[in-house]
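S.K.: Structure below; questions to follow.
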Amino acid sequence: MTRTAIRTCPLCEATCGLQLEVDGDRVTQVRGDRDDVFSGGYLCPKGALFGELEADPDRLDAPRIRRDGKLVPASWEEADAEVAARLKRIVDEHGPDAVAIYLGNPNVHNLAGQLYVRPLVKALRTRNVYSASSVDQLPKHVSCGWMFGDPLAIPVPDIDRTDLLVMLGANPRVSNGSLWTAPDLPGRLSKLRKRGGRLVVIDPRRTRTADRADSHLPIRPGTDALLLAAIVATLHEEDLVRLPSHLAGHVEGVDRVLEQLAGFTPESVAARCGIDAATIRQLARDLAATERGCVYGRLGTTTTSFGTLTSWLVDVVNLVTGNLDVPGGSMFPKPAHHRARRRPFRMARWHSRASGLPEAIGELPAAALVDEMETPGDGQVRALITIAGNPVLSTPDSERLDAAIAGLDLVVSVDPYVTATSRHADVILPPPSALYRSHLDLAFAGFSVRNVVNYSPAVLPLPEDRPDEWEILLRLASIALGAAPPIDVTAADTFVAHQLAESLAIDPDARTGELDATELLAEVGDRHGPERLLDLLLRAGPYGEGFGAEPDGLTLARLEAQPHGIDLGALEPRIPEVLRTASGKVEAAPGEVLAELTRLREFLATPPSDGLVLIGRRHLRTNNSWSHNVAGLAKGQQLCTLLLHPDDAAQRGLLDGEVARVRSAAGEVTVPIEVSEEIRRGVASLPHGFGHDLDGVELSIARQNGGTNSNVLTDRHDVDPLSGTAVLNGIPIEVAAVG
Ligand SMILES: Nc1nc2c(c(=O)[nH]1)N[C@H]1C(S)=C(S)[C@@H](COP(=O)(O)OP(=O)(O)OC[C@H]3O[C@@H](n4cnc5c(=O)[nH]c(N)nc54)[C@H](O)[C@@H]3O)O[C@H]1N2
Ligand SMILES: Nc1nc2c(c(=O)[nH]1)N[C@H]1C(S)=C(S)[C@@H](COP(=O)(O)OP(=O)(O)OC[C@H]3O[C@@H](n4cnc5c(=O)[nH]c(N)nc54)[C@H](O)[C@@H]3O)O[C@H]1N2
Ligand code: SF4
Ligand SMILES: [Mo]
């Protein structure tokens, strides 16, 4: 008999409500949940594959252990014992830094990752913490950390109320948005234009988003900082700078910014950006003249050589056009759960031993991982734990990383598949699929265009002998702390809950009244696991019931009674309350960023090479590296091609469909050419996440879908120096016919 279940989609940042028809353990139909308070029934082609992903026969349902070189099925007890014995040996002999952990993207899409990774990282006591952030959005955390004092205070475009949206390096008609949670972004962008607003897309490729914009400016990759600097210079020169009125007295350093950027005139940057000066001036004037406008920059701006500088400039333009922290501009969401008060942002608290790259948000850059494994000496990485990550396909210099991982003493992967990365594992611990897990998007509440909260209970009960992912992480954390299996997960969970309750009890921002930790825990009754932590965080949060103080406020029980979510209203101005800088003000001119302007001037003065540069792209039905194993994905289409402009193809004597050799400083791949007018001359585009047909990968369909790993071409030495984030866009390449 089929039944209907409501659940938030965990596949991207849009957080759409799904309406699932479930027959036994099978999803027979996926629809958008029309009653979802945020997504209103929207479903994208990737979300539509949810059922197929769930039914994937290659998904592991038991641990694997390496025996005689082969990954064989094992019990959970055997797996824990194996990890405990081998981890202890390595830590005893080489110290905690010998163990690295890599946290992949799905950690931000599930409760285990959001609530139980931190205890694991703490238990490991290693400085070798890596994540997908440093191949993605880290520059934005760093620039906002310096400007607003909190790396999580990232303003988002108030899409539903803006009249002009200038978008750089993002393709939300395919990605559905990033650091920007807004279900049905395609619909919201269409509505913006229908109500008379304008969309300007700045992207070297005429993407789906660019194609439906009012104007598309095909910029040369890696030059967005120059373009934005020129916008600020124009506003200054033409006396158009206007700060939001409510920010008077709350901003420091604007004059310094204007003075430092004055030299970047549109006329001086135009040739380098590939956009004429008059267009840049007009864009600045339009932003100044539009009452409610907003600039947004995403992956194509962060994963570039000037990633942090560009991220900062986006917020500077919003600030000096009067659009920061105002409706219709760029605004700070207010999540429903309590967020611990942070100390003013600091980074570079330690550095990568081998590459010297700086720590940021408690992590070292993924670009540093290869050298930490390869370089002998004290602190050399000898073991790797991956949680929901596939760094062999997702991070730079992949071939080299692949070899380095193969040489480690121990690899443990918490992953549902035998992937390019987990094929090196000595132990694989597979989490259950989404249907068996509860869900609440803690991470994306911070980037959401409305303040919304939505909890989904698990659709199906977990089999008796199957641990949930949060239990897997707690077992690992206990092992890292020296506990011998069998692990008492209940005790570990209670310990974590106590720690949270204790921190809430002394946090002046938490709505906990006079209660101490024991009393707070008594209030949430006999809940356990993520639900206990969630109930504490929701009650203590800004809309919470405050443990009795606000009887109508939020509790987990209230949310459970609202399966389609609760809308907490439109975004509201949050400065100065959101600021965590030491000065208590918006620091418009952080010293580190201003120092980068010297490098930007040098870059501007150096003539560009006339060779090709490589950028990435995403496809509507793929999700980074891991959704490639469903039959409906490719629909017979070749998705992994190198897009080339007809002139560039002709110049190299390459024909559409022909296989070409692509070479960079880091490596070489062969890939079919797709000749297309949609890409700018001098630029080539290759998607990431492909290249599954490696020895040992157990993804039967993904292997057949083919494609090549674009990160063989990305270079671990090429990073944004301020954040250490890998340059994934704007890589010099040579393309030639094979043979
Ligand atoms: N060249 C290039 N490289 C890129 C990018 C690019 O644009 N160009 N994009 C970058 C970006 S933005 C990102 S976020 C990274 C992503 O990089 P990663 O996070 O390293 O990789 P994913 O491809 O997301 O792989 C996620 C892994 O988690 C597993 N998984 C899925 N669901 C779960 C779960 O619930 N629990 C657990 N434990 N595991 C799960 C999957 O099987 C898969 O192995 O790639 C980056 N790499
Ligand atoms: N379908 C699908 N959706 C996804 C994902 C997926 O793999 N598939 N991945 C998810 C993840 S982890 C993330 S982080 C988000 C990312 O979501 P977005 O930030 O929207 O990223 P992309 O779609 O990669 O778009 C980046 C754009 O930047 C352009 N670009 C490249 N270099 C430059 C440059 O130098 N300047 C400018 N101005 N533009 C440049 C590229 O042409 C591309 O169109 O998507 C998420 N959503
Ligand atoms: S847009 Fe994202 S959250 Fe919505 S259905 Fe698609 S994959 Fe799921
Ligand atoms: Mo990402």
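S.K.: So which pairs qualify, if the first residue must be in the range 459-485 and closer than 15 Å to VAL117 by Cβ, the second must be of a type in the set (Ser, Thr, Tyr) and buried (at least 24 other Cβ atoms within 10 Å of the Cβ), the Cβ gap must be under 7 Å, and the two must be at least 6 apart or on different chains?
M.R.: TRP470/TYR116; LEU473/TYR116; LEU474/TYR116
S.K.: Could you list, in sequence order, the residues of the range 613-652 that are in contact (Cβ under 8 Å) with a residue 40 or more places away in the chain, hydrophobic (A, V, I, L, M, F, W, C) and either away from ligand 1 (no atom under 16 Å from the Cβ) or outside the structural domain of VAL675 (by TED's automatic domain parsing) (or both)?
M.R.: Matches in the range 613-652: ALA631, ALA634, LEU644.
S.K.: Follow-up question, since we're still on this one. Answer yes if at least one residue in the range 36-46 is in contact with a strand residue (DSSP E or B) (Cβ under 7 Å, 6 or more places away or on another chain), outside the structural domain of ARG621 (by TED's automatic domain parsing), on the phi < 0 side of the Ramachandran plot and within 16 Å of ligand 1 (Cβ to nearest atom), and no otherwise.
M.R.: Within the range 36-46, none of the residues are in contact with a strand residue (DSSP E or B) (Cβ under 7 Å, 6 or more places away or on another chain), outside the structural domain of ARG621 (by TED's automatic domain parsing), on the phi < 0 side of the Ramachandran plot and within 16 Å of ligand 1 (Cβ to nearest atom).
S.K.: Restricting attention to the range 179-204, which residues are crowded, with 22+ Cβ neighbours inside 10 Å and either without any contact (Cβ under 8 Å) to a residue 12 or more places away in the chain or closer than 15 Å to ARG450 by Cα (or both)?
M.R.: LEU179, TRP180, THR181, ALA182, PRO183, LEU185
S.K.: Additional query: Within the range 370-377, can one find any residue that is in contact (Cβ under 8 Å) with a residue 24 or more places away in the chain, within 16 Å of ligand 1 (Cβ to nearest atom) and in a loop (DSSP other than H, G, I, E, B)?
M.R.: no
S.K.: Please determine, by comparing only the residues of the range 213-260 that are over 23 Å from THR301 (Cα atoms) and of a type in the set (D, E, K, R), which one is surrounded by the fewest Cβ atoms within 10 Å (Cβ to Cβ).
M.R.: Filtering the range 213-260 for residues that are over 23 Å from THR301 (Cα atoms) and of a type in the set (D, E, K, R), the one surrounded by the fewest Cβ atoms within 10 Å (Cβ to Cβ) comes out as ASP239.
S.K.: Within the range 14-56, which residues are within 16 Å of ligand 4 (Cβ to nearest atom) and hydroxyl-bearing (Ser, Thr, Tyr)?
M.R.: Matches in the range 14-56: THR15 only.
S.K.: Only one of these is outside the structural domain of SER700 (by TED's automatic domain parsing) and surrounded by fewer than 16 Cβ atoms within 10 Å (Cβ to Cβ): GLN114, GLN29, GLN19. Name it.
M.R.: GLN29
S.K.: For the range 459-469, state whether one or more residues are touching a Gly at 6+ places or on another chain (Cβ under 8 Å), assigned to a helix (DSSP H, G or I) and more than 16 Å from ligand 1 (Cβ to nearest atom).
M.R.: No: the range 459-469 contains no residue that is touching a Gly at 6+ places or on another chain (Cβ under 8 Å), assigned to a helix (DSSP H, G or I) and more than 16 Å from ligand 1 (Cβ to nearest atom).
S.K.: Kindly list the number of the only condition in (1) within 14 Å of ligand 1 (Cβ to nearest atom); (2) assigned to a loop (DSSP other than H, G, I, E, B); (3) within 28 Å of ARG349 (Cα to Cα) that fails for GLY177.
M.R.: If we test GLY177 against (1) within 14 Å of ligand 1 (Cβ to nearest atom); (2) assigned to a loop (DSSP other than H, G, I, E, B); (3) within 28 Å of ARG349 (Cα to Cα), just (3) comes out false.
S.K.: Among the residues of the range 58-110, what is the count of those that are within 16 Å of ligand 4 (Cβ to nearest atom) and surrounded by fewer than 20 Cβ atoms within 10 Å (Cβ to Cβ)?
M.R.: Going through the range 58-110 one residue at a time, the tally reaches 0.
S.K.: Report every pair of residues separated by at least 6 positions or lying on different chains whose Cβ atoms are under 7 Å apart, first residue within the range 44-60 and in contact (Cβ under 8 Å) with a residue 24 or more places away in the chain, second within 14 Å of ligand 1 (Cβ to nearest atom) and among the aromatic types (Phe, Trp, Tyr).
M.R.: ASP58/TYR417; ARG59/TYR417; LEU60/TYR417
S.K.: Would the range 618-638 turn up any residue that is surrounded by 20 or more Cβ atoms within 10 Å (Cβ to Cβ) and not in a loop (DSSP other than H, G, I, E, B)?
M.R.: Scanning the range 618-638, I find no residue that is surrounded by 20 or more Cβ atoms within 10 Å (Cβ to Cβ) and not in a loop (DSSP other than H, G, I, E, B), so the answer is no.
S.K.: What pairs come up if the first residue lies in the range 568-585 and is in contact (Cβ under 8 Å) with a residue 60 or more places away in the chain, the second is of a type in the set (D, E, K, R) and part of a loop (DSSP other than H, G, I, E, B), and their beta carbons are under 6 Å apart, counting only those six or more places apart or on different chains?
M.R.: So the pair list comes out as LEU571/ASP158; PRO573/ASP325; ILE575/ASP325; ARG580/ASP150; ARG580/ARG342.
The values are calculated or read from the model by the stated rules, or taken from the named source; none is laboratory data. The structure presented is a predicted model; accordingly, all values stated were derived computationally and were not measured. FYI the Cβ positions are ideal-geometry reconstructions off the backbone, even for glycines, and counts take in every protein chain you see.
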